[in-house]
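Inspection log for the structure reproduced underneath, given as structure tokens.
The values are calculated or read from the model by the stated rules, or taken from the named source; none is laboratory data. What you see is a predicted model, and the numbers here were worked out from it, not measured in a lab. Don't worry about glycine lacking a Cβ; one is built from the backbone with ideal geometry, like all the others, and counts go over all protein chains shown. For the accessible areas, the whole protein counts, side chains as well, though only heavy atoms, and no ligand, DNA or RNA atoms are used. Shrake-Rupley method; radii C 1.70, N 1.55, O 1.52, S 1.80 Å.
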Amino acid sequence: MSARAQGLNYSYLEPVAQKPLSPKERLQGLTNWEKPELLRKFPQREGITTSEIAEGRRLFQQSRDQIAKDIDELKASYVFADDSVSQFLAEHRSLTAVLRSAIQPLKASFGADGVFELEVTVEEDGSKMLYGVALWPGSVRAAAQALDNFSESWWLDHMTLSTTDLAFIYRISR
């Protein structure tokens, strides 16, 4: 079947005849600066530069140093159950500020000499939860009252979407 019978434009199928290049045009190749219609776009930059990589590394290291500093500050106020607490806090950066500001209200509710522990639990579905545990030497009733006092006076006002992985509880220690 011919191209005409198929409905194709016959002129489309014919090769385009180009005029021969002059010797001057042949020397200039594809970058013919005398004819503006033949100008090329400048090549676009792809990727990032070495200075941008260096700046990214510097910011990353600065962030890691700040995380380590924040965790060390928390270790002065809380007992870390294991290394998973540091890992959890590194992944949930906003919790360090919340825990830092919670220590005074915890001490006001549980006593100035109270011991507070941080521990991470892994649920059956793989999700993780950080618990601030007040170790209480007294009765269950007094511990529950101290936790209610802490919740009413501070924690309920500071709960946000960023603190959904944090809970405060008590544990009776004898």
For Gln87 and Ser153, what is the calculated FRET efficiency with R₀ set at 30 Å and r taken between the beta-carbons, to the nearest 0.05?
0.45
Hz values of 3J(HN,Hα) by residue in the stretch 137-144 - Karplus curve (6.51, -1.76, 1.60), Gly and Pro given as x:
x, x, 7, 5, 4, 5, 5, 5
Backbone HN-Hα couplings from phi across the stretch 97-111 [Karplus 6.51/-1.76/1.60, Hz, Gly and Pro as x]
5, 5, 5, 5, 7, 7, 5, 5, x, 5, 5, 5, 8, 9, x
To the nearest 10 square angstrom, how much accessible area does Ile71 have with a 1.4 angstrom probe?
10
Contour minus Cα-Cα span, Ala112 to Thr50, at 0.36 nm per residue, comes to 17.1 nm
Hey, quick one: spin label on Lys75, modelled 7 Å out along Cα-Cβ, who in the stretch 113-138 has an amide N within reach, i.e. under 14 Å?
118
Can you tell me the length gained on complete extension of the stretch Ala144 to Asp65, counting 0.36 nm per residue apart and subtracting the Cα distance?
24.7 nm
Return the loop-located GluC sites (Glu not before Pro) in the stretch 54-128 (DSSP other than H, G, I, E, B) with at most 16 other Cβ atoms within 10 Å of their own Cβ; answer none if there are none.
Glu123, Glu124
Counting Lys and Arg as +1 and Asp and Glu as -1, what is the net charge of the other residues whose Cβ lies under 13 Å from the Cβ of Ser162?
-1
